[in-house]
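Here the structure comes first, spelled out in structure tokens, and everything after it is commentary.
Since every read-out is calculated from the coordinates, none of them should be taken as a lab result. Only a predicted model underlies this, so the values are computations on that prediction, with no experimental measurement involved. Cβ placement follows ideal geometry from the backbone for every residue including glycine, while neighbour counts extend to all protein chains displayed.
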Amino acid sequence: MLLAAQGLACLRGDRLLFKSVSFELMAGGLLYVLGENGSGKSSLLRLLCGLLMPEVGEVHWCGKSIKQDPETYLSNLLYLGHLNGLKDDLTALENLQMSARLADSLVDEQKMLSALTSIGIARCANLPVRVLSQGQKRRVALARLWLTESKLWILDEPFAALDAASIEVLASRLNQHMSDGGMTIITTHQDVEISAQSTQTVRLSA
Amino acid sequence: MNNAWLTVLKRDLLLALRRRSDVATTLFFFLIVSSLFPLGIGPEPAVLSSIAPGVLWVAALLAGMISLTRLFAADFEDGSLEQMLLAPQPLTLLVTAKVFAHWLVCGLPVVLLAPLIGLQYALPGDALLVLVWALLLGTPALSLIGAIGAALTLGVRGSGLLVALLVLPLYIPVLIFGAGAVAASQNGMSAQAHLSLLAACSLLALVLAPMATAAALKVSVE
């Protein structure tokens, strides 16, 4: 299992955000994407998901281009961007259920409740997401990490808007994922300790 | 695969149920627009029944139009659209589910309400029946074609007007056959040909529109 990026370049409008970004991520590996605001961190993550097309270069999953076989890649991928992807009018539980079904993973209510408990918002389970605070919404979105079987997690600023206790919980979930042989690509401005079998850094300069 | 289709359908219906005002807006728009004509033109049954097919179809087109802009916009803003794009299911399938939900919520009520409005226009019984059939066969095409416009204008400023400009010309065949069906039955002819053509429009749209919509969504999300 391997994610390889080869010579990626990203053009937004007529501005070159970055070029020749290459890396290889193995099972159990953690990749930090660092850079100033506007240096293209989020664009790189979206590009790795296949939401954006690279100007030059390719992304390979297990030796195959992700454009060639998107379904295998996407069933191994969990992406959490700036937006939480939650519907305001649905409850936290309903939101989790919908995203689990969309990802084709079977989860029952008990599992979802325990996921919400892990990240400390079980008491909001049956409230519409509309009434939750920013940090609580983020935590509902992050609860997906306890339900997924995806190997590759791509997380854009997962620690933003979280309180200290939740950051710790999330970091330990990431540790566990990596020790189970998962991979994580992450952007963050917080200094959070995550242990992995191998840690790499991609630094984008604006 | 089917599971995901049902999930999206269920999700959109649930959302519509929670935000009933959105659905009511469409219906009231249809009701009011189609009620304005008899008030403006006067209660002459012969005149009313001759303009009825066209007016009712145009009202149905416009009512569908105002709800179209919301088809993908809400999902785009809260990020659930990108999650759908990243689901391991074919996007065309999910698009079909969303469009079907849109039709159930905005198209079907118009179909069911139409005979009631038709009475205001002094339409005879068999013309009312043809009107319902024509709307039932034609409105799916409206939702399907409209989805392409909604996807193309995603995230564009003033998208509401732009959708109308893009999509209304494409509605012309459906309007002609739909209104033609009712007019034919008023004139004592068979509406069969018009209804078949309407069904053909819908089937053709069902095959082509989801693919175009999916492609447009991918571009818009970039």
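Using a 10 Å cut-off on Cβ atoms, rank the peptides B:147-153, A:49-55 from the highest mean neighbour count down.
Output ranking for B:147-153, A:49-55: B:147-153, A:49-55.
Rounded, prolate or oblate: which fits segment B:60-100, taking a ≥ b ≥ c as square roots of the Cα gyration tensor eigenvalues, rounded meaning a/c under 1.5, else prolate when a/b beats b/c? It is oblate, given that a/c is not under 1.5 and a/b is not larger than b/c. With K and R counted +1 and D and E -1, the other residues having a Cβ less than 11 Å from that of B:Ala97 yield a net charge of +2.
Taken as Cα centroids, segment A:88-156 and segment B:12-44 sit 36 Å apart, rounded to the nearest whole angstrom. Counting neighbouring Cβ atoms within 10 Å and putting the fewest first, the residues B:Ser34, A:Ser150, B:Ser49, A:Ser179 line up as A:Ser179, B:Ser49, A:Ser150, B:Ser34. For chain B, hydrophobic long helices are taken as DSSP H runs at least 18 Å long by C-alpha position along their axis with mean Kyte-Doolittle hydropathy of -0.5 or more; these are B:2-18, B:20-41, B:45-68, B:108-120, B:125-152, B:172-186, B:192-221.
Please work out the FRET efficiency for the pair A:Leu16 and B:Ile41, using the Cβ-Cβ distance as r and a Förster radius of 45 Å; give the result to the nearest 0.05.
Efficiency at R0 = 45 Å is approximately 0.15.
Residue ranges B:207-215, A:78-86, A:20-28 sort as A:78-86, B:207-215, A:20-28 when ordered by packing (mean number of other C-beta atoms within 10 Å per residue, highest first). Enclosing the Cα atoms of chain A in their convex hull gives a volume equal to 117 cubic angstrom per residue. Which distance in Å, rounded to a whole number, links the C-alpha centroids of segment A:163-206 and segment B:199-217? The two parts, judged by their Cα centres, are 43 Å apart. Express in % the proportion of alpha carbon pairs of segment B:2-221 at distances exceeding 27 Å. Tail of the P(r) past 27 Å holds 32 percent of the pairs.
Of the cross-linked pairs A:Lys64/A:Lys111; A:Lys19/A:Lys137; B:Lys10/B:Lys218; A:Lys64/B:Lys98; A:Lys41/A:Lys151, those separated by over 26 Å at the C-alpha level are A:Lys64/A:Lys111; A:Lys19/A:Lys137; A:Lys64/B:Lys98.
Within the protein assembly as shown, antiparallel bridges make up roughly 45 percent of the DSSP beta bridges whose residues both belong there. Across peptide B:80-93, the mean count of Cβ atoms from other chains lying within 10 Å of each residue's own Cβ comes to 6.
In chain A, helical runs assigned H by DSSP with n ≥ 4 each contribute -39500 (n - 2.57); averaged across all residues and rounded to the nearest 500, the mean residue ellipticity at 222 nm is -8500 deg cm²/dmol. Across the alpha-carbon set of segment B:61-171, the Rg to Rh ratio works out to 1.05, Rh being the Kirkwood radius. With Cα atoms as the point set, the radius of gyration and Dmax of segment A:41-147 evaluate to 15.7, 47 Å.
Taking the number of Cβ atoms within 10 Å of each Cβ as an exposure proxy, the fewest-first ranking of A:Lys137, A:Lys111 is A:Lys111, A:Lys137.
For an R0 of 45 angstrom, estimate the FRET efficiency from the Cβ-Cβ distance between B:Gln120 and B:Leu17 and round to the nearest 0.05.
Taking R0 as 45 Å, the efficiency between B:Gln120 and B:Leu17 is 0.95.
Based on every Cα atom in the protein assembly as shown, Rg and the maximum pairwise Cα distance Dmax equal 25.3, 83 Å.
Note on A:Gln176/B:Leu161: beta-carbon distance plugged into 1/(1 + (r/R0)^6) with R0 of 51 Å gives a FRET efficiency of 0.50. Ordered by the count of other Cβ atoms within 10 Å of each Cβ, fewest first, B:Asp75, A:Asp163 give A:Asp163, B:Asp75. Each helix, a run of at least 4 DSSP H residues, gives -39500 (n - 2.57); summed and divided by the residues of chain B, these come to -28000 deg cm²/dmol at 222 nm. Packing, as the average of other Cβ atoms within 10 Å across residues, places the peptides B:131-141, A:30-40 in the order B:131-141, A:30-40, highest first. Peptide A:86-95 has a mean shielding of 4, counted as Cβ atoms of other protein chains within 10 Å of each residue's Cβ. Summary of the geometry: segment A:33-64 and segment B:138-183, compared by the centres of their Cα atoms, lie 35 Å apart.
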